[in-house]
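Colleague: Here it is: the structure, laid out below.
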Amino acid sequence: MRTPIIAGNWKMFKLLSESVTFVGELAPRLSALTSVERVVCPTYLALASVAEALKGSGIKVGAQSVHWEAQGAFTSQISPWMLQGLAEYVIIGHSECRAYLNETDETVNKKVKASLAYGLKPIIAVGESLQQNEAGQTQQIVGGQVRAALNGVDAANMANIVIAYEPIWAIGTGKNASGEVANSIIGGTIRATLADLYGNDIAQTVRIQYGGSVKPENMFEYMSQPDIDGALVGGASLKVNDFVQLVEAAAKAKGI
Ligand code: 13P
């Protein structure tokens, strides 16, 4: 069975002090729920302190992006080499980075390969816009983003990759895809693309999350779907009670 993975993407929220206080409250509440992998992705400013505060808790830390070079004249950037020992995961290709920070399929691919080379596990975010969705292009866009992100990534690395399907029209809007629709894209498009690239056996082992207005009230519906292995959560991951309920709902839905 694929171990469910719930990752909180805190985006540009929470001060350093708030981040540390938050995980101090969260960790004891999640300590018994070990059947679900739990990840928090704070801002870079808080990453080292959060990692320190979570030592021994079983909760993992993720970065929200990364550069593809190890070192160099890249003002403002953080490299995968620097993240070693601090973060286990890194979100790559989030639609907000694609929309506002010039992230492209090509930079996503470079970041995925660089992260793997330094032992980080990419959470690769893919998803279509409302316009693309309404034009019936979802499968083509999402399948294309998956293929581009994984260009040149060999099968042995697929155990270290998570994919997050985040339809852009569902992020922060309160308009979420139904469990059934999300499952059909995750199973029918993303997992099918992985099967085409790496064979069905490997495709069946890769964890694929849903993201976009996930909250305690709809989490059970998503996690009850056979191809959905977790969630990448923005807003609801900023509240301790909600975060705990998301993890509980995942464990309940998967019967673990
Ligand atoms: P919301 O859960 O706030 O819709 O954000 C989703 C997201 O972008 C997670 O990466």
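The values are calculated or read from the model by the stated rules, or taken from the named source; none is laboratory data. Keep in mind that this is a model prediction, so the values were computed, not measured. Methodologically, a virtual Cβ is constructed for each residue, glycine included, from the backbone with ideal geometry; neighbour enumeration extends over all protein chains shown.
Colleague: Restricting attention to the stretch 159-176, and to residues there that are in a loop (DSSP other than H, G, I, E, B) and of a type in the set (G, A, S), which single residue is nearest to H67 (Cα to Cα)?
Modeller: G172
Colleague: Let me ask another. Check whether at least one residue in the stretch 168-177 is of a type outside the set (A, V, I, L, M, F, W, C) and either more than 27 Å from F13 (Cα to Cα) or at pLDDT 95 or above (or both), and report yes or no.
Modeller: no
Colleague: Got a number for residues in the stretch 1-53 being touching a Pro at 6+ places or on another chain (Cβ under 6 Å) and in a helix (DSSP H, G or I)?
Modeller: Here the count works out to 2.
Colleague: What number of residues in the stretch 114-130 are at positive phi and within 14 Å of the ligand (Cβ to nearest atom)?
Modeller: 1
Colleague: Return a yes/no flag: does the stretch 138-158 have any residue that is surrounded by 22 or more Cβ atoms within 10 Å (Cβ to Cβ) and not in a helix (DSSP H, G or I).
Modeller: There is at least one residue in the stretch 138-158 that is surrounded by 22 or more Cβ atoms within 10 Å (Cβ to Cβ) and not in a helix (DSSP H, G or I).
Colleague: A further question on this structure: From the list G255, G211, exactly one residue is in contact (Cβ under 8 Å) with a residue 12 or more places away in the chain and not basic (K, R). Which is it?
Modeller: G211
Colleague: Follow-up. For the stretch 74-129, how many residues meet the condition of being in a strand (DSSP E or B) and touching a residue at least 60 places away in the same chain (Cβ under 8 Å)?
Modeller: Number of matching residues: 5.
Colleague: Could I ask something else about it? Looking at the stretch 189-256, what helices (runs of 4 or more DSSP H) fall wholly within it and have at least 2 residues that are within 12 Å of the ligand (Cβ to nearest atom)?
Modeller: 216-223, 240-254
Colleague: While we're looking at this one, here's another question. Can you go through R29, R38 and tell me which one is in contact (Cβ under 8 Å) with a residue 60 or more places away in the chain, touching a helix residue (DSSP H, G or I) at 6+ places or on another chain (Cβ under 9 Å) and more than 16 Å from the ligand (Cβ to nearest atom)?
Modeller: When all the criteria are applied, what remains is R29.
Colleague: Could you tell me which of the residues A73, A87 is out of contact with any Gly (no Cβ under 9 Å at 6 or more places or on another chain) and either more than 14 Å from P167 (Cα to Cα) or surrounded by fewer than 24 Cβ atoms within 10 Å (Cβ to Cβ) (or both)?
Modeller: A73
Colleague: Sticking with this structure for a sec: If a residue must be under 26 Å from V233 (Cβ atoms) and away from the ligand (no atom under 15 Å from the Cβ), how many such residues does the stretch 80-113 contain?
Modeller: 15
Colleague: A164: more than 14 Å from the chain's Cα centre (by Cα), touching a residue at least 12 places away in the same chain (Cβ under 8 Å) and either within 16 Å of the ligand (Cβ to nearest atom) or more than 17 Å from Q139 (Cα to Cα) (or both), yes or no?
Modeller: no
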